[in-house]
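Enquirer: The structure follows.
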Amino acid sequence: MNKLLSTYDLTRAPFSKEIPASEMFDSEPLSQARERVKAALEARSSAVVTGDSGCGKTCLLRGLEENLPQGRYRLHYVHNATVNRRDFYRQLSIGMGLEPRSNFAALFTGVSQYIEETASQHKLRYVLFLDEAQLLPIQVLDQLHLLLNFQKDSKAWLSIILIGLTDLRETLKRNVLSSLAARMPVRVHIPPLDTDQVKAYIRHRMTTAGCRREIFADDGLLLMWKATGGIMRRLDVLADHCLEVACRNKSTLVDATVVEKAIRVCGEALL
């Protein structure tokens, strides 16, 4: 790693996921998606965010957290979606610092009362981010519209943001979920990066890692887009391998030849 960093004048690994939110790449689609979700929260509404795995949904959430006014929201993030109804509310209770009760009715009441107290007494709007929502059982999804109902549905004290793969939208079209779907009017989809955005993304990641010269050639970047479909997580994997291949070959430029070799090394990781 030290050799790679010195070869390309880097101060850190350029394609690591451990980067501050302020340095994340902000494409126009990501920026627009973030602003739409932010607008939904400011309007006291809920939303659905979809996109392919690795397209930047989590980046959107991190950027959104940085952009929301402090002192107005209390955010709660849930990523374990493969649970039954009781365990779903049990993990909510634990995450909120509540004593987890033994049955579903008590768990639901405790979570609902906590959100109401947070809003009415502390003037904070509660936002629940449910990641990998396409994996949530129908029995859990079917209960969420009840969690949004406060004082005979007259108070908007909670926003729910469902984040998941594209097929989450199809799931929400089921008749049994019509009440939930009606309460989530904002639908945001994050597309893969196009060719120009891939170039901007790679160069942004290299620049924020300290590099001040062009390392990735245009023909290499075009091939990287074709191999990854513009998915950022795949681009990170491939770009890392490209730098390693180029470094071993004592090359200062990542061109199409280098990218072809890197694809052969990490091909299965790009599927």
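Enquirer: So if each residue of separation counts as 0.36 nm, and I subtract the Cα-Cα distance between SER251 and LYS152, what length gain in nm does that give?
Expert: So the extension gain works out to 28.9 nm.
Enquirer: Just read off the accessible area of LYS199 with the full protein assembly in place, 1.4 Å probe, to the nearest 10 Å².
Expert: Around 60 Å² of this residue is reachable by solvent.
Enquirer: Which entry in (1) 33; (2) 28; (3) 37 is this structure's computed percent of Cα pairs over 33 Å apart?
Expert: Evaluating percent of Cα pairs over 33 Å apart on these atoms matches (1).
Enquirer: Need one number: the % of Cα-Cα pairs in the range 19-81 sitting beyond the 14 Å mark.
Expert: Roughly 59 percent, once rounded to a whole number.
Enquirer: Sort the range 137-262 into rounded, prolate or oblate with this rule: let a ≥ b ≥ c be the square roots of the eigenvalues of the Cα gyration tensor; rounded if a/c is under 1.5, and if a/c is not under 1.5, prolate when a/b is larger than b/c, oblate otherwise.
Expert: Prolate shape, in that a/c is at least 1.5 and a/b is the bigger ratio.
Enquirer: Out of the GluC sites (Glu not before Pro) in the range 11-58, which ones are loop residues according to DSSP with at most 11 other C-beta atoms within 10 Å?
Expert: Those that pass, being in a loop and sparsely packed, are GLU18.
Enquirer: Apply the Karplus parameterisation 6.51 cos²θ - 1.76 cosθ + 1.60, with θ equal to phi minus 60°, to every residue of the range 109-119 and state each ³J(HN,Hα) to the nearest whole Hz, in sequence, with x for glycine and proline.
Expert: 4, x, 5, 4, 5, 4, 5, 5, 5, 4, 6
Enquirer: Taking amide hydrogens as modeled 1.01 Å from N in the peptide plane, which residues meet the under 5 Å criterion relative to VAL254, leaving out close sequence neighbours?
Expert: For VAL254, whose amide H was placed from the backbone, the distant partners under 5 Å are PHE216, ALA217.
Enquirer: In degrees from 0 to 90, rounded to the nearest 10, what is the angle of the helix 28-42 Cα long axis to the longest principal axis of the chain?
Expert: That works out to roughly 20 degrees.
Enquirer: So if R0 is 51 Å, what FRET efficiency would ARG74 and LYS261 give, r being the distance between their Cβ atoms, rounded to the nearest 0.05?
Expert: So the FRET efficiency works out to roughly 0.55.
Enquirer: Rounded if a/c is under 1.5, else prolate if a/b beats b/c, else oblate: with a ≥ b ≥ c from the C-alpha gyration tensor eigenvalues square-rooted, which is the range 44-147?
Expert: Cα axes put the range 44-147 in the oblate bin.
Enquirer: If you take the beta carbon distance between ASP87 and LYS226 as r and set R0 to 45 Å, what does 1/(1 + (r/R0)^6) give as a FRET efficiency, to the nearest 0.05?
Expert: Taking R0 as 45 Å, the efficiency between ASP87 and LYS226 is 0.60.
Enquirer: Filter LYS17/LYS57; LYS17/LYS261; LYS226/LYS261 down to the pairs with a C-alpha to C-alpha distance above 20 Å, please.
Expert: Pairs exceeding 20 Å: LYS17/LYS261.
Enquirer: How about the range 111-218: which GluC sites (Glu not before Pro) there lie in a loop by DSSP and see at most 13 other Cβ atoms within 10 Å?
Expert: Filter output for the range 111-218: GLU214.
Enquirer: For the chain, what is the relative contact order in percent, using Cα pairs closer than 8 Å and at least 6 residues apart in sequence?
Expert: 27 percent
Enquirer: With +1 on each Lys and Arg Cβ and -1 on each Asp and Glu Cβ, how big is the dipole of the chain about its Cα centre, in debye rounded to the nearest 20?
Expert: Charge dipole of the chain: 540 debye, to the nearest 20.
Enquirer: Continuing with this model, one more query. Go through the range 46-55 residue by residue and turn each phi into a ³J(HN,Hα) via Karplus (6.51, -1.76, 1.60, θ = phi - 60°); whole Hz please, and just put x for glycine and proline.
Expert: 10, 8, 10, 10, 10, x, 5, 4, x, 8
Enquirer: Now for a different question. Run lengths n ≥ 4 of DSSP H only: what is the helix-derived mean residue ellipticity at 222 nm for the chain, with -39500 (n - 2.57) per run over all residues, to the nearest 500?
Expert: Here the helix-only value at 222 nm equals -15000 deg cm²/dmol.
Enquirer: Under 5 Å between amide hydrogens, which residues at least 5 positions from TYR73 or on another chain qualify, with H placed 1.01 Å from N in the peptide plane?
Expert: Distant-sequence amide H within range of TYR73: ARG125.
Enquirer: Let me ask another. Ignoring ligands, DNA and RNA, how do TYR73, TYR8 rank by accessible area with a 1.4 Å probe, largest first?
Expert: Descending accessible area places them as TYR73, TYR8.
Enquirer: Rounded to the nearest 5, what % of DSSP beta bridges with both residues in the chain are antiparallel?
Expert: That works out to approximately 5 percent antiparallel.
Enquirer: How do the peptides 98-106, 247-255, 46-54 rank, highest first, by the average count of neighbouring beta carbon atoms within 10 Å per residue?
Expert: 46-54, 247-255, 98-106
Enquirer: Amide H neighbours of ILE190 under 5 Å, at least 5 residues apart or on other chains, H built in the peptide plane: list them.
Expert: Residues meeting the amide H criterion: THR50, GLY51.
Enquirer: Read phi for every residue in the range 253-267 and hand back ³J(HN,Hα) as whole Hz from Karplus 6.51 cos²θ - 1.76 cosθ + 1.60, θ = phi - 60°, with x for Gly and Pro.
Expert: My calculation for the range 253-267 gives 9, 9, 9, 4, 5, 5, 4, 4, 5, 5, 4, 5, 6, 10, x Hz in order.
Enquirer: Which of the three applies to the range 216-259, rounded, prolate or oblate, going by the alpha-carbon gyration tensor with a ≥ b ≥ c and a/c under 1.5 meaning rounded?
Expert: Oblate.
Enquirer: With labels modelled as points extended 7 Å from the Cα through the Cβ direction, what inter-label distance (nm, one decimal) is found for GLU66 paired with LYS173?
Expert: 3.6 nm
Enquirer: Related question: At a probe radius of 1.4 Å, what is the per-residue accessible area of ASP194, in Å² to the nearest 10?
Expert: 70 Å²
The values are calculated or read from the model by the stated rules, or taken from the named source; none is laboratory data. Predicted, not measured: the structure shown is a model, and the values here were computed from it. With ideal geometry, Cβ positions are generated from the backbone for all residues, glycine too; neighbour counts draw on all protein chains shown. To get the accessible areas, we keep the full protein, side chains included, count just its heavy atoms, and leave off ligands, DNA and RNA. Shrake-Rupley method; radii C 1.70, N 1.55, O 1.52, S 1.80 Å.
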